[in-house]
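One structure below.
The values are calculated or read from the model by the stated rules, or taken from the named source; none is laboratory data. A quick note: this is a predicted structure, and the numbers were derived from the prediction, not measured. Because the Cβ atoms are built from the backbone with ideal geometry, glycine has one as well, and the counts that use them run over all protein chains shown.
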Amino acid sequence: MKTFDVFIFFICLWSLAGVFGVEVKSVSVTEGVSVTLPVKLTQIQENEEIEWKFEDILIADINRKDNNITYYNNAADGRFRDILKLDTQSGSLTIMNTTTKHTGLYKVTRDHWTSVNNTFSLTVNSHQQSNDILLLSAAAAVVVGCLLIAAAIWVFCRKIRTSHQEAVKTHAEEITYAEPTFYRTKAQKSSVQVEPDVVYAGVTVRR
């Protein structure tokens, strides 16, 4: 096979994967409640058949040709006995009084096509699991709140510290230090004159 043919082959595979790609929708509920898995149909057409499977086990279908709804109560170990309800207009499936045994993958197809129209990943949590999830969520919220408060305090303290440093810097710049100036002056002569030693001799006057 040539390189170009291989390239075209993979392009076709990629296109088919985009067309027939299946989106898995996650659904989570607590045991004991009812859950509805919706189908993207406004109305089931005449002579159309809708099939619901749990882990590839047929559990219910609608045949509009015969105007018949069938629930396979013995399928999947009988875990769906008398708790399934199909919407005859849209084909949506409702599971009543759910238990943890109903956790799994649900698929719905039309007219026995191999393509899957909708796929759901259903998780049924026990009451203890639900309480644990709530506690974990509350704990996570408390931790996030504490982190936010700590971050706010850190930012506030950092802002105060920065403002204080700027104020000290500004005050230091305003101080002017005067250097001492020395002036040289001439020494003044003393006004007191010291007379030389004088020897006075006695004078005799004769008449």
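Taking the criterion of being in contact with an Asp or Glu (Cβ under 8 Å, 6 or more places away or on another chain) and among the small types (Gly, Ala, Ser), the only residue of the stretch 66-100 that qualifies is Ala76. Would you pick out the residues in the stretch 52-65 that are of a type in the set (Asp, Glu) and out of contact with any Asp or Glu (no Cβ under 9 Å at 6 or more places or on another chain)? Listed by number, the residues that qualify are Glu55, Asp56. When the stretch 96-115 is filtered for residues that are touching a residue at least 40 places away in the same chain (Cβ under 8 Å), assigned to a loop (DSSP other than H, G, I, E, B) and within 14 Å of Val35 (Cβ to Cβ), the ones remaining, listed by number, are Met96, Asn97, Thr98, Thr99.
Only residues that are within 21 Å of Met96 (Cβ to Cβ) and either surrounded by 18 or more Cβ atoms within 10 Å (Cβ to Cβ) or among the aliphatic types (A, V, I, L, M) (or both) were counted across the stretch 42-71, and they come to 12.
When you scan the stretch 69-99, how many residues do you find that are charged (D, E, K, R) and over 38 Å from the mean Cα position of the chain (by Cα)?
As a first pass, look at the stretch 69-99 and keep what is charged (D, E, K, R): 77, 79, 81-82, 85, 87.
Now restrict to residues that are over 38 Å from the mean Cα position of the chain (by Cα): 77, 81-82.
Looking only at that region, the number is 3.
Selection within the stretch 100-118: residues that are closer than 19 Å to Ile44 by Cβ and at pLDDT 90 or above. The member of this set that is surrounded by the fewest Cβ atoms within 10 Å (Cβ to Cβ) is Lys107.
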